[in-house]
1. For the residue pair THR304 and ASP340, what label-to-label distance in nm results when each label sits 7 Å from Cα along the Cα-to-beta-carbon direction?
2. Compute, for the chain, the length of the dipole vector about the Cα centre, with Cβ point charges of +1 (Lys, Arg) and -1 (Asp, Glu) only. Units Debye, rounded to 20.
3. May I ask which residue of PHE436, GLY401, HIS447 lies farthest towards the positive end of the charge dipole of segment 372-448, with charges of +1 (Lys, Arg) and -1 (Asp, Glu) on Cβ and the Cα centre as origin?
4. Can you list the HN-Hα couplings for segment 135-141, worked out from phi with the Karplus curve (6.51, -1.76, 1.60; θ = phi - 60°), rounded to whole Hz and with x for Gly and Pro?
5. Let me make sure I get this right: for segment 254-297, a, b and c are the square roots of the gyration tensor eigenvalues over alpha carbons, sorted descending. Under 1.5 in a/c it's rounded, otherwise prolate if a/b > b/c, else oblate. Which is it?
6. Give a residue-ordered list of calculated ³J(HN,Hα) values for segment 166-172 (Karplus: 6.51 cos²θ - 1.76 cosθ + 1.60, θ = phi - 60°; whole Hz; x for Gly, Pro).
7. For a label point 7 angstrom out from the Cα of ASP168 toward its Cβ, which stretches of segment 80-102 have the backbone nitrogen within less than 18 Å?
8. Scanning the chain for GluC sites (Glu not before Pro) in DSSP loops with at most 12 other Cβ atoms within 10 Å, what's the longest stretch left with none?
Amino acid sequence: MTVETGAPNHPSDDVVEVVSRLIRFDTTNTGDPETTQGEAECANWVAEQLAAVGYQPEYLESGGAGRANVFVRLKGTDSARGALLIHGHLDVVPAEPADWSVHPFSGAVEDGYVWGRGAVDMKDMVGMMIVVARQLKQAGIVPPRDLVFAFVADEEHGGRYGSHWLVDNRPDLFEGVTEAIGEVGGFSLTVPRRDGGERRLYLIETAEKGMQWMKLTARGQAGHGSMANDRNAVTLLAEAVARIGRHQFPLVLTDTVVEFLGAISDETGLTFDTDSDDLEGVIEKLGPMARMLKAIVRDTANPTMLKAGYKANVIPGSAEAVIDCRVLPGRQAAFEAEIDELLGPDVTREWIRDLPSYETTFDGDLVDAMNAAVLAVDPDGRTVPYMLSGGSDAKAFARLGIRCFGFAPLRLPPELDFASLFHGVDERVPVDALRFGTDVLAHFLTHC
Ligand SMILES: [Zn+2]
């Protein structure tokens, strides 16, 4: 993209090059602030792209050197309406080049795709945000309400040095913001229609499960490994971990999931027996996306880390484990009661990361504007609400009372296994999907 000169291109012409350039910044978030680099260089580049068309970007670091964020605000015709936040994170998860068909930080444009780490999570949307923000400014378009574009650090490690820091330390950046869009939603899922043919459903995220990491500690009787011991901390911990890991939490459908499954039924004729324990079996018929969708009908608690002992013949006095818990909206108290039952008397628990679930309704003017924008570019599409099984920066912004949606529009080829590209090998995004998304985003931001 030519920054300095020339007549403005149509933004969907520029988006491929911008996304490719963003991928070439290695912004790997290792989870360790010492070894996480590249966000600042990338953020500076983003700020330059926006400054070049007349924005005055605010560059700021959150919680540590190099944890860089960029904010710009575009005034709308009616500031009293409340501003819309459009957010994207600049960091990516690590990638092992030996596993990939192309180098993960090459940003290669081949076979109709832009390849590389971040192509769908989420430098695709960051690129769309940049080109649309530039287009609005260059064309002198005044949006209906104030727009706040935020490019943030550290989403891939829970936003402690990104969104959550910004919310805690710089709430002024979000002044007047009432609603937000970001990842993970707006992509198409093609389903077979009951009358033959296909329907592209555009999944708009209106809910997220909680992301809560729980540390378990068992305390027992320390002693010599050769002697009888009926209060061995390792045994007590292992039993509790196994009980939790094997436990199936009850089927619970929130309003979002009921509405989502209802739309699928309506299009496909599949029926979801919501009292049946085989609901997951029916969801399986939806193809690769089922892996993610199966996780939005129950809480999950997966053991992920174990720590105990320091010598083969010494029984330690305590042992620890970490459980990754993902809890549905409205289920927190019931979930904790079930966990306490499974823990038993000798094991205690504490949250080491506690980001609660989130759910909003699929209605109102902003939803209408998202729907209209999708239909303007894909008249055969249909927007439906869905719940993300993971978490995003929306959890931080929701703490300010902001109503959050996942809306990073992409029209995907039906056969693409989109869910597996997130944090996956050969992450890539179709060039056509980027162009489509840019057109939808431009329509949406000029009609929101
Ligand atoms: Zn992401």
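1. About 2.5 nm separates the two model spin labels.
2. Values: 40 positive and 68 negative charges, 120 e Å.
With Lys and Arg at +1 and Asp and Glu at -1, about 580 debye.
3. GLY401
4. Each residue of segment 135-141 in turn: 4, 4, 5, 5, 8, x, 7 Hz.
5. Numbers: a/c = 1.20, a/b = 1.09, b/c = 1.10.
Judged from the Cα gyration tensor, segment 254-297 comes out rounded (a/c under 1.5).
6. Working through the residues one at a time gives 4, 5, 6, 10, 9, x, 4 Hz.
7. The answer is none, because no backbone nitrogen lies closer than 18 Å to the label point.
8. Values: sites that count: GLU4, GLU34, GLU175, GLU415.
By the stated rule (loop sites, at most 12 other Cβ atoms within 10 Å), 176-414.
Values in this text are rule-based calculations from the coordinates and carry no lab data. Please read these numbers as outputs of a predicted model, since none were measured by experiment. We place every Cβ from the backbone using ideal geometry, glycine too, and count neighbours over all the protein chains shown.
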